[in-house]
Amino acid sequence: MTDTPAPNPRPSVDQDQFLTILSREEALARFEAALFPRAVPRELRALADTLGCALAEDVVAPIDVPPFDRSNVDGFAVRSADLAAAGEAAPVRLVLNDETIACGTSPTRPVLSGTATPIATGGPLPRGADAVVMVEHTQPAGDRAIEVRRATSPGQFVSYAGSDIARGEALLRAGTVIGSREIGMLAACGIASVQVARRPRVAILSTGDELVQPGLPLRPSAIYDTNGAIVTAAIAENGGEAAFRGAIADDEAELEAAMRNALAESDLLVLSGGTSKGAGDVSHRIIARLGEPGIIAHGVALKPGKPLCLAVCDGKPVVILPGFPTSAMFTFHDVIVPVLRRMAGLPPRSDAKVNAKVAVRIASELGRTEFVMVSLVEGVGGLIAYPTGKGSGAITSFAQADGFLKIDALADQMPAGSDAEVTLFTPHVRVPDLVIVGSHCTGLDLVTAPLARAGLAVRSIAVGSLGGLAAAKRGECDLAPIHLFDNKTETYNTPYLADGLELVPGWRRMQGIVFREGDRRFAGLSAQAAVRAALADPACIMVNRNQGAGTRILIDRLLAGARPDGYWNQPRSHNAVAAAVAQHRADWGMTIAPVADASGLGFIPLAEEYYDFALVTARKQRPAVQAFLDALASDESRAALEKAGFRPAAPDGGPLAA
Ligand code: AMP
Ligand code: MG
């Protein structure tokens, strides 16, 4: 079982369903009860290797810092009593002693009354001296003498021994997380190694016949192993010593051997994938044989993340994260991080949080604690949160997201406009300079590239044309990219503009029929003839587009009521159409020329689609908006758009050149 219903569910005979789904809180409580309390093992580490570790003992300063009375400036060591009455009208002459105290030199001569000794910043104060006069506040007075015209008080420009750190003082307490400042304090005391909580050794295994490691070529039907990289990094971020041990095929014997080896050499074993209770999902069966008490929770009321499996095998935690990377990520952070940090002797994470209003209604499943990734933009009355998730299988949501919000298990939705607390992925919110909300196009990246190079933060949130228009009307974005066909006027975009919005012409995208190069049913035909040829062949399968897509309107017109095989396959993107044809799941479909080209497919042009921008007039004068408009009109982006197969609108926004 996964978070997204599979199109071909596994045969039910192989499924033993999640009978006991625990709440998130209950699962975590049981897991922690089975693991804690436990002693945190400690180890002696060289100072340079302690960054991020928790100190395992109180450290008492073994010496005074500074170890001697030290001058804070370049100048002259003096007796302050000699200069107590010095002033503009009462200069005092001091004879220089016959030595200069540099850093690291020990003074040999005392400073007697009426004398001074040249001293460098950091030099130890000589006997008799109790203050330092800055060189800038003196004047030479003949051979080996100076004149001072300022009163001097005892202790001036002197750091006394132990004034920074006193010998015997508690320097750092056990449990302190060591950062560069702590390392500096320890180094100042001459401490070269300290007892720290030993980083838990964490073994990571990915599971699945379909997984290929990044860097290797992708076989048909395979995917790259994402969890291996994510989990390894997240473990290091949270105080563990991560050892990634590769991806193991869904083979019970092979997996059991890998799990036993990994567990023998580590304090915690984290797997991902194969936690569903279906055929091929074997890891939970293996856990039952690895040690007592075994599985603590299998099935947690989290979304994403229901198939999470928590186990303890002879004292060591064993975790199977769900296979989908976003599910793996959220369950790892929500349930595993608290346990890992406790094992590492680290305090709980304290992620930055901000309040925001949710832009749109977010539906939620009753009974599961739900995590929703959001992008933040500045609205009229504060921050606005846009959900960025495309389902638990999507990884790109991370790039657009600033953080996530949590919907309580007892809520079935979060209404638009409600207040939410957003946990940030970074310490601070980065409010973007330019916010683009609407339909995404790869051409957009070409136009915003110079803005990013100029240091402007551009946030582009893909919510479709209508979602973008709604955001523009609410003043939550600068620009809404749209490609909306109006059946009545048979024109694009302009009929959809509301008050306060103006149209900025973007570019044209040629739509047409895609087919595999060499398919003789289509080669050389017009779009209309190609569709007639497809309809005439009962073995021919099409791929459609979703209801509401501009492309769908064109397809329906061409089909004129026909419903060939494949009609109900309705993906939501141009790329999915090309992939279906390239991978032989369909023989033809409609997409845009650049996408067809990138997939190496044959293309029969039909009609141009207008991809334009609804600009919020009130925000037009913003520097980032002006920079965008300049970039859009620039020769550089026009050339880049043309090279990528788009046809930029005429620079003046007027009719296109032929
Ligand atoms: P499973 O729980 O093994 O059925 O996996 C659920 C989904 O997550 C499947 O689509 C898997 O291909 C995918 N998946 C499992 N492991 C990984 C991984 N390490 N990286 C990326 N996707 C994965
Ligand atoms: Mg799997």
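The values are calculated or read from the model by the stated rules, or taken from the named source; none is laboratory data. Note that the structure is a prediction, hence the values are computed from the model and not measured. Positions of Cβ are backbone-derived with ideal geometry, glycine not excepted, and every protein chain shown enters the neighbour counts. For accessibility, only protein heavy atoms count, side chains too; no ligands or nucleic acids. Shrake-Rupley method; radii C 1.70, N 1.55, O 1.52, S 1.80 Å.
In order along segment 424-440, phi translates into HN-Hα couplings of 7, 7, 10, x, 10, 7, 9, 6, x, 6, 10, 10, 10, 10, x, 8, 8 Hz, rounded to whole numbers, per the Karplus curve 6.51 cos²θ - 1.76 cosθ + 1.60 with θ = phi - 60° and x for Gly and Pro. When only the Cβ of Lys, Arg, Asp and Glu is charged (+1, +1, -1, -1), the dipole of segment 48-137 relative to its Cα centre reaches about 420 debye.
Volume per residue of the convex hull around the Cα atoms, evaluated for segment 464-506, comes out as 72 Å³. Over the alpha-carbon set of the chain, divide Rg by the Kirkwood Rh and report the Rg/Rh ratio to two decimals. Radius of gyration over Kirkwood radius for the chain works out to 1.14. Relative to the Cα centre, the charge distribution of segment 435-658, modelled as +1 at Lys and Arg Cβ and -1 at Asp and Glu Cβ, gives a dipole magnitude of about 400 debye. Peptides 328-335, 44-51, 542-549 ranked from most to least packed, by the mean per-residue count of other Cβ atoms within 10 Å: 328-335, 542-549, 44-51. Note down the net charge around residue 590, summing +1 for each Lys or Arg and -1 for each Asp or Glu among other residues with Cβ under 10 Å from its Cβ. Every neighbour counted, the sum reads +2. For the chain, the residue among 420, 152, 126 whose Cα projects farthest onto the positive side of the dipole built from Cβ charges is 420. Here, segment 50-182 yields an orientationally averaged convex hull projection of 9.4 nm² when only Cα atoms define the hull.
Rolling a 1.4 Å probe over the protein heavy atoms leaves residue 251 with an accessible area of roughly 70 Å².
Of the trypsin sites (Lys or Arg not before Pro) found in segment 227-292, those that fall in a DSSP loop while having at most 13 other beta-carbon atoms within 10 Å are 289. Summary of packing: across the peptides 83-91, 150-158, 599-607, the per-residue average of other C-beta atoms within 10 Å ranks them, highest first, as 599-607, 150-158, 83-91. According to the calculation over all Cα-Cα pairs in segment 533-586, the P(r) per 5 Å bin from zero is 4, 20, 31, 28, 14, 2 %. Considering only alpha-carbon pairs that sit under 8 angstrom and 6 or more positions apart, the relative contact order computed for segment 39-190 is 39 percent. When you restrict to C-alpha pairs under 8 Å that are six or more residues apart and normalise by the size of segment 435-658, the relative contact order lands at 29 percent. In segment 239-313, the inverse of the mean reciprocal separation of distinct Cα atoms equals 13.1 Å; this is its Kirkwood hydrodynamic radius. Ranking 568, 507 from most to least accessible surface, computed with a 1.4 Å probe over the protein chains only, gives 568, 507. Taking segment 451-557, how much of its Cα-Cα pair set, in percent, is spaced more than 17 angstrom apart? Within segment 451-557, distances greater than 17 Å cover 66 percent of Cα pairs.
The magnitude of the dipole of the chain, with charges of +1 and -1 set on the Cβ of Lys/Arg and Asp/Glu and taken from the Cα centre, is near 600 debye.
The mean sequence separation of alpha-carbon pairs under 8 Å and at least six residues apart, normalised by the residue count of the chain, gives a relative contact order of 10 percent. Along the axis of the charge dipole computed for the chain (Cβ charges of +1 for Lys and Arg, -1 for Asp and Glu, origin at the Cα centre), the listed residues 457, 332, 554 are led at the positive end by 554. Calculated accessible area for the chain comes out at 46 Å² per residue, all protein chains present (probe 1.4 Å; ligands, DNA, RNA ignored). The convex hull defined by the C-alpha atoms of segment 54-132 has an orientation-averaged projected area of 7.4 nm².
Place +1 on the Cβ of every Lys and Arg and -1 on the Cβ of every Asp and Glu in the chain, take the dipole about the Cα centre, and give the residue among 346, 22, 618 whose Cα lies farthest towards its positive end. The listed residue farthest towards the positive side: 618.
Taking the longest Cα principal axis of the chain as reference, the axis of helix 550-559 is set at about 20 degrees. In this structure residue 492 has an accessible area near 30 Å², from a 1.4 Å probe over the protein heavy atoms. Which of the three applies to segment 435-658, rounded, prolate or oblate, going by the alpha-carbon gyration tensor with a ≥ b ≥ c and a/c under 1.5 meaning rounded? Since a/c reaches 1.5 and a/b is larger than b/c, the shape of segment 435-658 is classed as prolate. All alpha carbon pair distances within segment 113-245 were sorted into 5 Å bins beginning at 0; the resulting P(r) in whole percents reads 2, 7, 11, 10, 8, 7, 7, 7, 7, 6, 5, 5, 5, 4, 4, 3, 2, 1, 0.
Between segment 230-303 and segment 152-215, the C-alpha centres lie 32 angstrom from each other. A Stokes-Einstein calculation at 4 °C with viscosity 1.567 mPa s, built on the Kirkwood radius of segment 353-424 over Cα pairs, returns a diffusion coefficient of 107 µm²/s.
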